[in-house]
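Notes follow the structure.
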Amino acid sequence: MLQTGCTLTVRYLFDPFELDAERQELRRAGEVVPIEPQVFALLELLVGNPHRVIGKEELNERVWGGRPVTDAAVNSRIRTARAALGDDGAKQQFIRTVRGRGFRFVAEVETASIIEVREPMPPPSRGEAREDADRAPSIAVMPLALLSLDTRHEPLADAIAHEVTADLSRLHWLRVISRASTFKLRGGVEPQEVARILGVDYLLTGSLAVFGDDAATTIELMDTRTREVIWADRHSNTLAELIGLRGVVASNIANVIEMRIQAREAGPESPVNTQHLDAWTCYFRGLRHAHRFNRHDNEAAMHLFERAARLDPQFALAQAGLSFTHFQAAFVGYSGDYEDSKHMALQCAERGYELDPLDPVVNLTVGRARFLNGEGELAHGWFQRSAELCPSNAQAYYNQALVGATTGEGVAIEEMVAKALSLSPIDPLRYAFLATPALDLLARGDPQGALPWALQGSAAPRAHHLIDAITALAAYGVGDAQLLARWQARLQQRAPNFRVEQFFRAFPVRESVRQDFQQAFKRMGFR
């Protein structure tokens, strides 16, 4: 087993060439031979299996990721690979064609496995910290291909790609290639070549098909490091609807991309070397734990965010992540010291804001910390600012609704929640989105209207016991004894030490509502 700080590098030697799988380089007598990624992948497959015939099906799977490919495309890449080796179809000194079966690498190959010991990189200094942007995920949004004989619709295809680019550009943790660069590469350039030219980790491609009055938008997100399609979707509208809703469609696409990339960067399948966790990897894996909403994962997330902050002291999102874990510890009751968790949530949020005052996530986190400190009106302003910085930020709209539900002022709760749900229908906090109108309707004396929202919230994944408490209040309010008994039992089972004061710490409702809720909890047997 390799120790931390060591990596195993495989190199293939065939005179006078060396194929370095780790660095993705072909070298001749030590000099790098320029070669595009797809041709390198083809060579790596052939050289790594010397004297074995590689058929078209295997080439298609390993080099083109299973996408349909013509014989002409395969032959073109074989010619390019031969040219890089000084070979050709006549000599076939390295790559031999086996008619009707495929291709075989015929030169003698020596495999060298080399263990490289690498010193861990020290935390960057203030001047060097922004160089870490090179380690942040990057994406290029390509213009949509127009599948229509009517070129009048091309501006619409371009507008959708432009608006997705604009929405993603508001996320400070993601490097987004400018429209000026991506639109120069429209048409005829293969995705992997685009990724190589632009140097990006992710590539969004798609098409707009127009058939009479109908339109269909197809989107595909590819991880260029592994050549895998990690998400694809299709939107069908009338042409008139798409023209009117293109901003909404673009925002929805951007929101899903944000979640998919975060999950990809955090997951075990991440292409990042997990033995050398850098600040970004720590951050994304911290998010993965934080969004599971339980004590154990919240603590794991806190440690990962702390490590990210140590690796890069100028990393604003690491501070935002820390603030969120302290917020959760106080809000849900994971922490044994509520006041300390509340203080740390605000301190980390404000530190993040000092580092990057224009990041929408950082601004959202400051608002959460202010809400936890009972400053609802002030928190509402931070949530509004977060939405202005990133209009596709579902969390900003949900949190405005939550403040309105507790204060009874200033916002159309159901409208805000509907907007949040439309932007992020599978959000990790979906349970909270759904429970917020229930809380508002209960506060307004409408338990009948609150109950359906509360039941949906409690049924959503990862809903915690405070959501169940809202549902119990709704069941009490409608006078359904059987339903109430069920939710009383569930709340007692999930939170044996539940105290009413914890509910009011999380949801600082106005005094008159607090008295009503307190009386209801008392009659349910909770103190």
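Side notes on the structure shown:
- Helices (runs of 4 or more DSSP H) contained entirely in segment 33-86, each with at least 2 residues that are crowded, with 18+ Cβ neighbours inside 10 Å and touching a strand residue (DSSP E or B) at 6+ places or on another chain (Cβ under 7 Å): 37-47, 71-84
- Answer from A159, A216 - the residue that is of a type outside the set (D, E, K, R) and part of a helix (DSSP H, G or I): A159
- Residue within segment 500-507 that is touching a Phe, Trp or Tyr at 6+ places or on another chain (Cβ under 9 Å), among the small types (G, A, S) and within 25 Å of N294 (Cβ to Cβ) present: yes
- Qualifying residue in segment 232-242 (condition: closer than 28 Å to L317 by Cβ, of a type in the set (A, V, I, L, M, F, W, C), modelled with pLDDT of 85 or more and in contact with a Gly (Cβ under 8 Å, 6 or more places away or on another chain)): no
Let's see how each residue does on (1) modelled with pLDDT of 50 or more; (2) under 32 Å from the mean Cα position of the chain (by Cα); (3) in a loop (DSSP other than H, G, I, E, B); (4) under 21 Å from V39 (Cα atoms):
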| residue | (1), (2), (3), (4) |
| --- | --- |
| K91 | yes, no, yes, yes |
| R104 | yes, no, no, yes |
| P122 | no, yes, yes, no |
| R130 | no, yes, no, no |
| P143 | yes, yes, yes, no |
| L146 | yes, yes, no, no |
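- Criterion: buried (at least 23 other Cβ atoms within 10 Å of the Cβ) and closer than 26 Å to G404 by Cα - qualifying residue of A330, A301, A309: A330
- Segments classed as helices (runs of 4 or more DSSP H), wholly inside segment 452-527, with at least 2 members that are more than 35 Å from the chain's Cα centre (by Cα), aromatic (F, W, Y) and assigned by TED's automatic domain parsing to the domain that holds L439: 511-524
- For L484, the requirement of being surrounded by fewer than 22 Cβ atoms within 10 Å (Cβ to Cβ), touching a Ser or Thr at 6+ places or on another chain (Cβ under 7 Å) and aliphatic (A, V, I, L, M) is not met.
- Looking at L346, L355, just one residue is within 18 Å of Q319 (Cβ to Cβ) and out of contact with any Ser or Thr (no Cβ under 9 Å at 6 or more places or on another chain), and that residue is L355.
- The set of residues from segment 394-419 being over 17 Å from L378 (Cα atoms), within 23 Å of the chain's Cα centre (by Cα) and modelled with pLDDT of 90 or more comprises M416, V417, A418.
- From L204, L208, residue being in the same structural domain as E241 (by TED's automatic domain parsing) and within 17 Å of the chain's Cα centre (by Cα): L204
- Considering each residue of segment 374-391 in turn, at least one proves to be outside any helix (DSSP H, G or I) and over 20 Å from R170 (Cβ atoms).
- Of the numbered criteria (1) farther than 28 Å from A379 by Cα; (2) in contact with a helix residue (DSSP H, G or I) (Cβ under 8 Å, 6 or more places away or on another chain), the one N497 fails is (2).
- Scanning segment 1-23 for residues that are at pLDDT below 80 and part of a loop (DSSP other than H, G, I, E, B) yields M1, L2, Q3, T4, G5, A21, E22, R23.
The values are calculated or read from the model by the stated rules, or taken from the named source; none is laboratory data. Being a predicted model, the structure only gives us computed values, none of them experimental. When we count neighbours, we look across all protein chains shown, and the Cβ atoms used for this are built from the backbone with ideal geometry, even at glycine.
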